[in-house]
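Heads up, the thing below is written out as structure tokens.
The values are calculated or read from the model by the stated rules, or taken from the named source; none is laboratory data. Here the structure is a predicted model, which means the values were calculated and not measured. Virtual Cβ from ideal backbone geometry, glycine too; neighbours counted across all protein chains shown.
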Ligand SMILES: [Zn+2]
């Protein structure tokens, strides 16, 4: 399918270009009217925790490992793509977490990190899924994280603490029509703290319950579906492609996205669909360069599926973005005249597992030599004796002196050591404040040009749908007195 669009074909498509040109000839007031209600469907795509260095290098790695570059890379070269940035700050920090980030798009208000669509004083905000559902549209959430995780929840749930996922699980009932991702543990009676059988509750309300890849690939198009394909998050793509069982049983993000579009495109009044590549963020926290890149490529495949849908229509908008940077991987200049950088980057193609799996492989490693052997086998990288000693010590709980405290843990140490070989440097192991990329295509794309405050996305999407709703908001000054009540959760657990 990739071969269907050469760069020239993308340039020629001009599907939104024609509408864009016509609009520029109108007076501003007419333009506004022409924009309002012009869009029937919106697909909002989030590569969670995608720093700017990620898409740039995913294109290169894609060429190495799959013989094709990134599809997004091609779209960026099209005159029919509108490019912009989101300012993603939250109400209590320049650095947002995913729940506050998704809530800013989902309700139009900045809130404290760790919460979902709740102001610091407890005021509940109305998430966009409720508003568009009320207007007769359908709603879909597709993700590689647990479906109750921060990013999907920010569009459809209200919860003072993002970690209370058992309480988020029932909130999608009759609000979100298509749910696909991980997170069975918050629906199955034997996995929930209260023992409730939410699988039955959803099925009683007319949802088909899916738990196999076969169902996603079948011709079935139920009106409503609860698709839960893993107990927790869906496994990393790098582990997925290296396991026959996972490949056979767990659908990819692109497969889930295609099915969601098949179902939602039947909605007479249109739909809102959020698609999240959620594990780019997790791999970034872990300083796992290959893990990030493979999940970014899986997200890229989903972009292609969505573009194929959008390019055939004149009433659909697609937005591709991220919610925040994370650890900011960047390829360093390596060697004299930086001539070693390309070779270093190419090391990633030999990695066979994520850093979620790596500890299992390292478990039996008792000596520095064992550590070296495992890393050589699993990552294709041969570290030196001093580095192996440091890692072997760290595995037993004795970290060597590390002055960047963000890196003062096993993953940070491993990230630092591997960067000597694969060239990927990291600023830390947590989220960062960078502006995030926006690429918008299709009807209404011009709304997403330039630097945009995160909260404006909510109002822009509603306007394009021809809807209106004002949520209450709070300034940082008004919020200050509530700071001591902000959720106290170990941020290392956040994603
Ligand atoms: Zn994160």
Original post:
Does residue 46 satisfy the condition of being at pLDDT 95 or above, within 16 Å of the ligand (Cβ to nearest atom) and not in a helix (DSSP H, G or I)?
Top reply: yes
Subject >> Filter result for the condition that a residue is away from the ligand (no atom under 16 Å from the Cβ), under 21 Å from the mean Cα position of the chain (by Cα) and in contact (Cβ under 8 Å) with a residue 40 or more places away in the chain, over 162, 110 >> reply: 110
Original post:
Which of the residues belonging to the stretch 263-290 are under 17 Å from residue 40 (Cα atoms) and out of contact with any strand residue (DSSP E or B) (no Cβ under 6 Å at 6 or more places or on another chain)?
Top reply: 265, 266, 268, 269
**OP:** Give me a count of the residues in the stretch 415-431 that are crowded, with 24+ Cβ neighbours inside 10 Å, outside any helix (DSSP H, G or I) and within 24 Å of the chain's Cα centre (by Cα).
**Re:** 3
Original post:
In the stretch 326-380, what residues are closer than 22 Å to residue 239 by Cβ and within 16 Å of the ligand (Cβ to nearest atom)?
Top reply: 326, 327, 329, 354, 355, 356
Original post:
Looking at the stretch 247-262, which of its residues are in contact with a strand residue (DSSP E or B) (Cβ under 9 Å, 6 or more places away or on another chain) and closer than 25 Å to residue 457 by Cβ?
Top reply: 253, 256, 257, 260, 261
Original post:
Is there a residue in the stretch 71-87 that is buried (at least 24 other Cβ atoms within 10 Å of the Cβ), under 30 Å from residue 60 (Cα atoms) and within 14 Å of the ligand (Cβ to nearest atom)?
Top reply: no
**OP:** Determine which single condition residue 397 fails, assuming it passes every other condition in (1) closer than 18 Å to residue 290 by Cα; (2) in a loop (DSSP other than H, G, I, E, B); (3) free of Cβ contacts under 8 Å to residues at least 12 places away in the same chain.
**Re:** (1)
Subject >> Test: residue 220 is farther than 18 Å from residue 139 by Cβ and within 16 Å of the ligand (Cβ to nearest atom) >> reply: no
Subject >> Residues that are within 16 Å of the ligand (Cβ to nearest atom) and closer than 17 Å to residue 358 by Cβ, drawn from the stretch 381-437 >> reply: 409, 411, 412, 415, 426, 429
**OP:** Please specify each residue of the stretch 91-104 satisfying the condition of being surrounded by 24 or more Cβ atoms within 10 Å (Cβ to Cβ) and either out of contact with any strand residue (DSSP E or B) (no Cβ under 6 Å at 6 or more places or on another chain) or not assigned by TED's automatic domain parsing to the domain that holds residue 459 (or both).
**Re:** 91, 96, 97, 98, 100, 101, 102, 104
**OP:** Any chance you could count how many residues in the stretch 249-297 are within 28 Å of residue 132 (Cβ to Cβ), within 13 Å of the ligand (Cβ to nearest atom) and not in a helix (DSSP H, G or I)?
**Re:** 3
**OP:** Could you check how many residues of the stretch 56-74 are under 13 Å from residue 298 (Cα atoms), out of contact with any strand residue (DSSP E or B) (no Cβ under 7 Å at 6 or more places or on another chain) and assigned to a helix (DSSP H, G or I)?
**Re:** 7
Original post:
Of all residues in the stretch 479-495, which are at pLDDT 70 or above and within 16 Å of the ligand (Cβ to nearest atom)?
Top reply: 487
